[in-house]
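This report refers to the structure that appears directly beneath it.
The values are calculated or read from the model by the stated rules, or taken from the named source; none is laboratory data. Keep in mind it's a predicted model, so treat the numbers as computed, not measured. Positions of Cβ are generated from backbone atoms using ideal geometry, with glycine treated the same way; all protein chains shown enter the neighbour counts. Heavy atoms of the whole protein, side chains included, go into the accessibility calculation; ligands, DNA and RNA do not. Shrake-Rupley method; radii C 1.70, N 1.55, O 1.52, S 1.80 Å.
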Amino acid sequence: MERRKFLQQAAAAAALAGWKAAAGQSTDRGTELTGAAALTPLPIVNTSNGIGRRKLGRADVEVSIIGIGGYHIGLQEVTEQEALRVVRTALDRGINFLDNCWDYNDGASEERMGKALADGYRQKAFLMTKLDGRTGPAAKQQLEQSLTRLKTDHIDLVQIHEVIRMGDPEQAFQPGNIVEVLQQARKEGKVRYIGFTGHKSPNIHLHMIETADKHGFTFDTVQMPVNALDEHYESFCQNVIPQAQKRGMAIIGMKPLANGAILKTGTITAPQALHYAMSVPVTVTITGCQSIANLEQALGVARNFQPMTREQKLAVLEKTAPVSTQGKFEAYKSSQIYDGTTNNPQWLG
């Protein structure tokens, strides 16, 4: 057996042994849950049609514990009629958090969501989108395009998309660049809250938070992968969530199924994966729904939601530990497949 494969298998075995011990399945001294898994989920402050709502960090606003991802509704295989139906049904059934991004499906995702928000539906939604542009001109242009596509005069939350390079924080905070643009847009009433996203490394997220600290600025939100695979490799849950919580930032969990890869591992089911992702202290969990059937599954998990117990979390982590080495099923961390701004550097401006 080659050395690298041996080390990977040894690491997986060690992780599995640790979770077995914590679950009481070994006579060895057990370990405890750490990082976000050990923290108490955020309290539900209200409900709508059985879907809980939480405060958005420091902000005086409530958002549903589950949100609809914007990427999937813009896919070519999803008809516009079905996309609009998904968004409107979600809003009618108690979900109010809508995710999107300027670059999703060449703008089709925002355009479809804008159509869905007509006829009074905009008033039901907490609307979020993301911008790739880092320079002032690029950020301004993309913001105006997003406002037009979404058919709204303001966006509740705009996040800096794909903070995936260690130099991204310094660039974002340069005078005249995107952070300054978004602060000005907030003064003008076009943006209510400001955040950032990324999927590559917790160290880059921490650098963004620390860079903001140095500039006397605190983001309202931070978005990151939150799932049962993340706990074992380059973990955002272990490293970023506790630091964000200390600053009162709302944590937006994405990729609860690791872009569907968790299902390929054969370890846990989609409802179990979503349930786990919602059982750590995130404000909202984004899930992609490209059909009403997908939406019904998400609603089923979210309605009258009860967080997993310590024992349930340990059982999930035990099952996922052996398949989590080197980010094999988290390609957004370990490859450039999902790095839109790396593959399209012109988006950055």
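The table below lists the values:
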{"read-out": "Computed over segment 93-134, Kirkwood Rh from alpha-carbon pairs, angstrom", "value": "11.0"}
{"read-out": "Probe 1.4 Å, accessible area per residue of segment 197-257, Å²", "value": "29"}
{"read-out": "Inverse mean reciprocal Cα-Cα distance (Kirkwood Rh) of the chain, Å", "value": "20.5"}
{"read-out": "Accessible area expressed per residue, segment 64-181, with surrounding protein chains retained (probe 1.4 Å, Å²)", "value": "36"}
{"read-out": "Relative contact order computed over segment 136-291 (Cα-Cα under 8 Å; 6+ residues apart), in percent", "value": "18"}
{"read-out": "Cα-only radius of gyration and Dmax that characterise segment 85-227, units Å", "value": "15.1, 44"}
{"read-out": "Cα shape, segment 211-317, gyration tensor, a/c 1.5 rule", "value": "prolate"}
{"read-out": "Of all accessible heavy-atom area on the chain, the percent that carbon and sulfur account for (1.4 Å)", "value": "48"}
{"read-out": "Tail weight of P(r) past 24 Å, computed on alpha-carbon pairs of segment 153-248, percent", "value": "20"}
{"read-out": "Residues of type lysines that residue 124 reaches as a straight line, Cα spacing below 18 Å, ignoring anything fewer than 8 places off in the same chain", "value": "55, 115, 151, 190"}
{"read-out": "Gyration tensor (Cα) of segment 80-158, equivalent ellipsoid semi-axes in angstrom", "value": "22, 12, 10"}
{"read-out": "Neighbourhood net charge (11 Å Cβ-Cβ; Lys/Arg +1, Asp/Glu -1) for residue 177", "value": "-1"}
{"read-out": "Prolate/oblate/rounded call for segment 277-349, Cα gyration tensor, a/c under 1.5 rounded", "value": "oblate"}
{"read-out": "Relative contact order (percent, whole number), the chain, Cα cutoff 8 Å, 6+ residue spacing", "value": "22"}
{"read-out": "Mean ellipticity per residue at 222 nm, deg cm²/dmol - from DSSP H runs of n ≥ 4 across the chain, formula -39500 (n - 2.57)", "value": "-11500 deg cm²/dmol"}
